[in-house]
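Input: a single structure, listed below in structure tokens.
The values are calculated or read from the model by the stated rules, or taken from the named source; none is laboratory data. Just so it is clear, the structure is predicted and the values come from calculations on it, not from any experiment. Cβ sites come from the backbone with ideal geometry, for glycine too, and all protein chains shown count toward neighbours. The protein model used for the area step is the full one, side chains on, heavy atoms only, and it has no ligands, DNA or RNA in it. Shrake-Rupley method; radii C 1.70, N 1.55, O 1.52, S 1.80 Å.
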Amino acid sequence: MFKNFKKYPKTKKVRITVILCILAILVGVIVYEIVKPAPLPEYEVVKAEKGSIMETFTATGNVESGNPSVYTVLDGVKVIEVKVNVGDKVKTGDALASFDTSGVTPKLNEVKGEYDKALSAYKKAVSESKDAVSKLEQTENEIGALEQQIAVLENEIAAAKEEESKQLEIPETKVDGEYTGEAYTKQQISDFKKQFLENGGTEEQFNRMIAVLNAIETAAKNSKQNSMSAEQLAQKLKDSSSGKSLQLAQLQTQLTSLKTQQSYYELQTGDTVTKALKTVVDLKEKEYEQLKNAVDSLNTGWFATGNGIVTKVNITPGELFTSAKSSSGSNMDFSQILGMISGGEADLTSLLSQLTSTSSSNEAVGIQVDNYDSFSASFNVGKYDLLNLKVGQKAKVTSLDSEYEGVVEYVSATASESSGIDISSIASSLTGATNSSNSAIARVKILKPDEKIIIGFDVDISVNIGEVDDVIVLPVESLRFENGQKFVFVYNEETKTVEKRTVELGSSEDTKYEISSGISEGELIIKNPLSALNDGDKITVKK
């Protein structure tokens, strides 16, 4: 072909030359594409720099109403109108219900009367306590003098018995109480015995007195004394051991009476009674004030005290309210109770306990409104996170793609069995923490909730538990997790290669981790490493 090339016209020669050049270029391109090296993978890198991490705790919680408004109604109140139903949303100031309280007016007056009685008894006890101080001193002096008389009389009785045994020959074994003398008739002896026993004497003392009387009359006859007057016999009897024993019994009766007075005055001068009565006064005052406030509230009518949702309605228009529960407390008359306390006749601890448990009237929930400003979310906390949660920490609550501000309002000090797994449990597994079947309860108050926060439904919770400063941080997309190990790929600018390196993680935030060990500040780290990237691979860096 080339031998005949010279034969072609010049224009045709040019055309052929161009075609041949094009063919040579195409062949060269094809050969280059076949033998050229594959392009290096391209990655973005980030520099390992120091920064701060806002540590967060995340969990799933259940919404509940922490402090609902409860409107209680009293027995005997007539319901006039109910303006809400369960599920209604109310705003502050909205009317809920109205009532007629004339049926509880007698009960209110009764409780007020009991309070007035208690207050009067207390004031009287305080006054009597002052008077009892002087009376107690006088009684104690009388007791001392009487005890001295008794001691002297006991010695005289012993001496008289000994003398009678010697002079009148009255052995103790022969005392039978049968009168054999002539000075008194049987009726007189019978009357005397009755009077003797009524004055505190005993049967034994009377028998001995008759024996003495018989002995005196016998001795008078033997001494040839023909007669002895009744007055003389009475004096003889008075001076005898039996007569003195009767005096002793009378003095002992007086002593017992004085000691009873002493105990009474001691009770009055002490603070036991006044304290008990003061307790009763306080109880009755509180009972009256509570009942009065309840009646005043019912008279005014019920109005919503906050924005919320009605969750209970237990009253019906036109009906007289009667609670299902029965009245509790003591059935004792109140005046009798005060008298027992003042007189020291009662077990004060038991009596006050009865009074404390006494219910003047039955109350029950008429309407309940779960206020939006008291909504909270409770959640479980593992042992590794419990110490980091504190009351007052700021939180974020997410429900139905809406976010709400919150604050930690409660952290339990004790743990209980937990059957669920929350977000914090999953996060803990990434950072090497160990899950526990036990957990404690914590609660976040939801600030400014709306209709998307529904009682009983779950919400996502994030709590800021502290800030860590001056640590090496990397974005979360720079890390790879394999078989429980954490890796990053470190880029070497000189060799254009990457090194697969194990790292340890510290605190974490939504978009970044603290790297506690494994890399140094200033090193370049591959961002978003693909699963195909391996240790030692060459790469190019995106500009």
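Partners of Lys47 within straight-line reach, counting aspartates and glutamates whose Cα lies under 13 Å from its Cα and excluding those fewer than 8 residues away in the same chain: Glu493, Glu521, Glu523. Amide H contacts of Glu523 (H built 1.01 Å from N, in plane; Pro and chain starts excluded): Ala48 sit under 5 Å, all sequence-distant by 5 or more or on other chains. Here each label is just a point 7 Å from Cα along the line to Cβ, and for Val126 and Glu42 those points are 9.4 nm apart. For the stretch 14-141, the average shadow cast by the Cα convex hull is 32.8 nm², which is a quarter of the hull's surface. Extending 7 Å from the Cα toward the beta-carbon at both Arg501 and Ser257 defines two label points whose distance is 10.7 nm. A Förster radius of 41 Å combined with the Cβ-Cβ distance from Asn483 to Leu447 puts the calculated FRET efficiency at roughly 0.45. Taking every protein chain into account, the accessible area of the stretch 461-508 amounts to 49 square angstrom per residue (probe 1.4 Å). Computed 3J(HN,Hα) for the stretch 302-313, one whole-Hz value per residue from the Karplus formula 6.51 cos²θ - 1.76 cosθ + 1.60 where θ = phi - 60°, is 9, 9, 5, 8, x, 6, x, 10, 6, 10, 9, 9, glycine and proline marked x.
Distance between the modelled labels on Val407 and Lys50, one decimal in nanometres: 3.4 nm (7 Å Cα→Cβ projection). Estimated at the nearest 10 Å², the accessible area of Met54 is 60 Å² with a 1.4 Å probe. Extension gain for Ile454 to Leu400 (0.36 nm times residue separation, less C-alpha to C-alpha distance): 18.4 nm. For Arg208, the solvent-accessible surface computed with a 1.4 Å probe is close to 10 Å², ligands and nucleic acids excluded. Rolling a 1.4 Å probe over the heavy atoms of the protein chains gives the stretch 101-161 an accessible area of 60 Å² per residue.
What does the extension gain come out to for Glu204 and Val365, with contour length at 0.36 nm per residue minus their alpha carbon separation? Present the calculation step by step, with values, prior to reporting the outcome.
On the way: separation 161, 0.36 × 161 = 57.96 nm, distance 7.23 nm.
Net length gain for the segment: 50.7 nm.
On the beta carbon distance between Ser190 and Lys83, with R0 = 56 Å, the FRET formula returns roughly 0.05. Relative to the current alpha-carbon distance between Asn293 and Ser98, full extension at 0.36 nm per residue lengthens the span by 68.7 nm. Computed with every protein chain present, the accessible area of Ile525 is close to 0 Å² [probe 1.4 Å].
Sequentially through the stretch 109-125, phi angles give Karplus couplings (6.51, -1.76, 1.60; θ = phi - 60°) of 5, 5, 5, 5, x, 5, 5, 4, 4, 5, 5, 5, 5, 5, 4, 5, 5 Hz, Gly and Pro residues having no value and appearing as x.
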